[in-house]
Structure formats: structure tokens, C-alpha cells
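Working notes, beginning with the structure itself.
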Amino acid sequence: MNQTLQSVRGMNDLLPDEAEFWELFEDTVRSWLKAYGYRPIRMPIVEPTPLFKRAIGEVTDIVEKEMYSFTDSLNGEQLTLRPEGTAGCVRALIQHNLAAQQVRRLYYMGQMFRHERPQKGRYRQFHQVGVETFGLVGPDIDAELILMGARLWDDLGLDGIELQINSLGQPEERAQHRAALVAYFEQYSDLLDEDARRRLYTNPLRILDSKNPQLQEMCAGAPKLIDYLGVESLAHFEGVQRILCDAGLPYTVNPRLVRGLDYYNLTVFEWVTDRLGAQGTVCAGGRYDGLVEQLGGKPTPACGFAMGIERLVALIRDSGGTPAPVAPDVYLVHQGTEAARFAFRVAEGLRDQGVNVLLHCGGGSFKSQMKKADASGATFAVVIGDDEAATAEAQLKPLREGQGAQRKLKVSELAAAIAGQLIDSEIIDEQE
Ligand code: ATP
Ligand code: MG
């Protein structure tokens, strides 16, 4: 017996209602990015595995256990479905020498893949909007990236998303803090879970990022990185905070914010909501000055963030945001052989004039076509029979109340009549 095929666990279809919602979200995101001068870049979904190992770090959740990696059966190359976008973006920057062309602000949107346990807000295929800047040392750009977030939440009609920031300092400062941290965790080695024990000597900072509630109390008492920052790092952090304060943007300094990826330095930040349960981080980012050089490029300071689209869309839904369904202006009903041929021309002619037309396909009685017209949500039905086809006319039938009676019109007058009625009905909507 045939077994029905299903999508891969943790990888979801977006059906039309949902996909339309996403398109509206994407429209808002694109105009928001334009307002800040960001330009699009599109990287492949598959990259060489060593790119992620070098960029993200060997001792991270992503590289240790979340990557979808495989061997190209033709040439034996090790490949990985991208788990995040920054590594590929930096690779492209270096490969095409974008920094020399003054390309400083980039964004991308698309699928990412991580082999995690699927749950609400956590999927194996998910989507991010990523924003990256290159060649800017900050703290002005760090602050701009943070302020951008606040504007987007506003554009999306979202509130209650809180900003947390921290500074990870520079590698030397982190090394001193790390020594203190290892000494601290060694005192509590009995309490450490398996992940933490493994990371104790490879990447102890990441223990602070643990999701295990039993570790949280001990982590709260651990030495704080901020106490190990030198004058320059502190000045950078203060510079960011000054701009945020000037803009009147509230934030919390969270000393335990260390981010899941190895490549960050100085400013890191997360936007967090308590409305999505455990998966509350909707946007996360920071500075990664060392990464371009680490991947073989010229030393280039960099700063960016990524937002999880699934979580943001869930939040918009949760706060009652339901966009108007996208319906055609016209459903074109036709009956008869000549009428069918003529209907095609009428439909294309209307589209030439900016009218959205759903042309009935597949025949059927006039009555059943009219039912489909109603169900489509269209504003009008345009009805053509062989008689109308012979005289280049059509019936314009309003499908919503308050838009007058059915009229027979010259086809050449249809678009104007529809536009007139559409405008009239919008005015009526506004007055209501
Ligand atoms: P988390 O701590 O939730 O695992 P992360 O630190 O691994 O997040 P990043 O790599 O910083 O996440 O990714 C940026 C954003 O992408 C996250 O804040 C989140 O909104 C989203 N995101 C990350 N992983 C997933 C996933 N598996 N499913 C859905 N969204 C995700
Ligand atoms: Mg994660």
C-alpha cells in the first residue's frame, strides 16, 4: 500500500492564508530596510561545511549537533544546509570584494536549517531576516542597528518586545574572564550537566547560555565579563548606551547575554518577548569584528542581527494582527464558445489597466460560476455571454452591498467603471 508522503518533521508548509500574511510581513520589512539604506543580497542555501565550522565555532550547539551536513555524492565535497546567514554573507563579501566597493549595509531573508527538537517557535527549517554591516567601527552603527529594531516593532504594530544588551569585550578581556569563570565552575563541578562539563575547558562562556534551569542559579553568581572590560571596550559600550538613551529607548544590561555563536565581540543584543513562551527571542545580534579576517578577508569590522520570522509572525497573530485577505477585483464569468475566447482578451485588457482579475476556468453553469465568484471575495463579477462577445460588451455585477446595480457596459469602459466604484467604496469604508 502507498504510504502518504509528509513533509519532513520540523519543516512546515506555508499554505496560502499564511503565505499571504508572510508576504505582507516581508513588504513591511523591505520598506523598513530601505528607509535605512540597506541593500539585498541572496546567498546559496548550501555552503561548504568548513565555512560554518570556521565561522560559528566547533564548540557551539549549531556545529556540534544542529547542522544538516552531507557529502556531495559526485565529488565528495562536504556541504551543509545553512544554519544561519552571517557566515555565507561574509563569504560572499570576501569572494566579491564588496567592502572595496563601499557596500556597507546588506540584508537577506530566507530559510535556515537546524536539527533541533521541534516545538512552538523552534523548527528545523525556519526563516530569518538578516541584516549585516561592514567596515563601520561603531558604536554609532551598533546603536543604529538596535534602533532599527524598535522602529520595525512599531511598523508591525508590536509592543512588549524588550531590549537586552551586553558587551563581550575583546578576545584578551574574554580570556581573563574565562580563567575566572573556569575556576568558578570547577567549584561547582558536581552541579554541571553533561553539556556544561564538556564545555568547561573548551568554551565555558557558553555554559552561561545554557537552557538548563538547574544551572541558572549557579550561573547568576558567576564572574561577570563586564568587570573584565578595559577602558576602550567600556567606552564603546557607553557610546552605544548614550545613543539609545538619547533616542529614549529603554533597555536592560544583561551580563549573562553571551549569544550562541562564537564570533561576537563588544556589543551583543537581543529583543525578547514573554508572549511566546520559552522561545521568546525574536531578534538577536551584535558586533563580530574578527570574522571577516578569520574567514580569509581583510580585517573589516562588522555588526549585524537576525530575526526569526516564525516567531515574529506568531507575535503579530497573537496581538490580533490579521491582514485583509487578498481578493481579486474581478471574477470573470463567461459562457459560450465565443464568450470564452473573448473573456481571455477582456481579462488581459483589464490587467493591462491595473485591475486584478480571476478568470473562471473549467466551464460549468452560469449559476455555479457565480457561486465561485462570490466565494472568491472579488469586488465584482464581470459576466460575458456570446451576446456580449458579439457587441464587445460585458455585465458589471457588484458582489458587495452598497455598490449599485448590475450594468451593461462597453468593455472599453469597464476598467474606469471598476476604478470609479473601487474608489467610491473606499471612501464609503473610510466614512463608516
Ligand atoms: P535560541 O537561543 O532560541 O536557540 P539562537 O541563539 O540559536 O536562538 P540565533 O542563531 O541568534 O538564535 O538566531 C536568531 C533568531 O532566529 C533567534 O532569535 C530566533 O528568533 C530565530 N531562531 C533561531 N533558531 C530557530 C529555530 N530553530 N526555529 C525558529 N526560529 C529560530
Ligand atoms: Mg539555538
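The values are calculated or read from the model by the stated rules, or taken from the named source; none is laboratory data. Everything quoted here is computed from the prediction, not taken from an experiment. Reconstructed Cβ throughout: ideal geometry from the backbone, glycine too, with neighbour counts over all protein chains shown. Calculation scope for accessible area: heavy atoms of the full protein, side chains included, ligands and nucleic acids excluded. Shrake-Rupley method; radii C 1.70, N 1.55, O 1.52, S 1.80 Å.
Here are some notes:
- Averaging Cα coordinates gives a centre for segment 266-318 and one for segment 75-144; these two points are 10 Å apart.
- Extension reserve of the residue 70-residue 209 stretch, reckoned as 0.36 nm per residue once the Cα distance is removed: 47.2 nm
- Distance between segment 162-241 and segment 362-416 - C-alpha centres, whole angstrom: 68
- As a length-normalised measure over Cα pairs under 8 Å and 6 or more apart, the relative contact order of the chain settles at 14 percent.
- Per-residue SASA entry for residue 71, accessible area with 1.4 Å probe, Å² rounded to 10: 80
- In Å², nearest 10: area of residue 407 left accessible to a 1.4 Å probe: 100
- Residue pairs, from the table 367/410; 224/298; 34/120; 65/224; 53/224; 120/211, whose Cα atoms sit over 21 Å apart: 367/410; 224/298; 34/120; 65/224; 53/224
- Förster radius 30 Å - calculated FRET efficiency between residue 45 and residue 416, Cβ distance, rounded to 0.05: 0.05
- Length added when fully stretched, residue 58-residue 120, from 0.36 nm per residue minus Cα-Cα: 19.6 nm
- Approximate spin-label separation residue 194-residue 341, in nm, with each point projected 7 Å along Cα-to-Cβ: 7.4
- Shape category assigned to segment 1-153 from the gyration tensor of Cα positions, a/c cut at 1.5: oblate
- Residues residue 326 and residue 252, FRET efficiency given R0 of 25 Å [Cβ-Cβ distance, rounded to 0.05]: 0.05
- Pairwise label distance in nanometres, residue 162 with residue 361, each label 7 Å out on the Cα-Cβ vector: 5.2
- For a label point 7 Å along the Cα-to-beta-carbon line of residue 242, residues of segment 132-150 with backbone N under 20 Å: 136-148
- Accessible heavy-atom area order of 94, 146, highest first, probe of 1.4 Å: 94, 146
- Each label point was placed 7 Å from the Cα along the Cα-to-Cβ direction; for residue 408 and residue 31 their separation is 4.3 nm.
- Computed over the alpha-carbon atoms, the chain gives an Rg to Rh ratio of 1.10, Rh here being the Kirkwood radius from the mean inverse distance.
- The stretch between residue 6 and residue 386, if pulled fully straight at 0.36 nm per residue, gains 132.2 nm over its current Cα-Cα span.
- Measuring with a 1.4 angstrom probe and ignoring ligands and nucleic acids, residue 307 comes out at about 0 Å² accessible.
- The order of 331, 68 by accessible area, most exposed first and with a 1.4 Å probe, is 68, 331.
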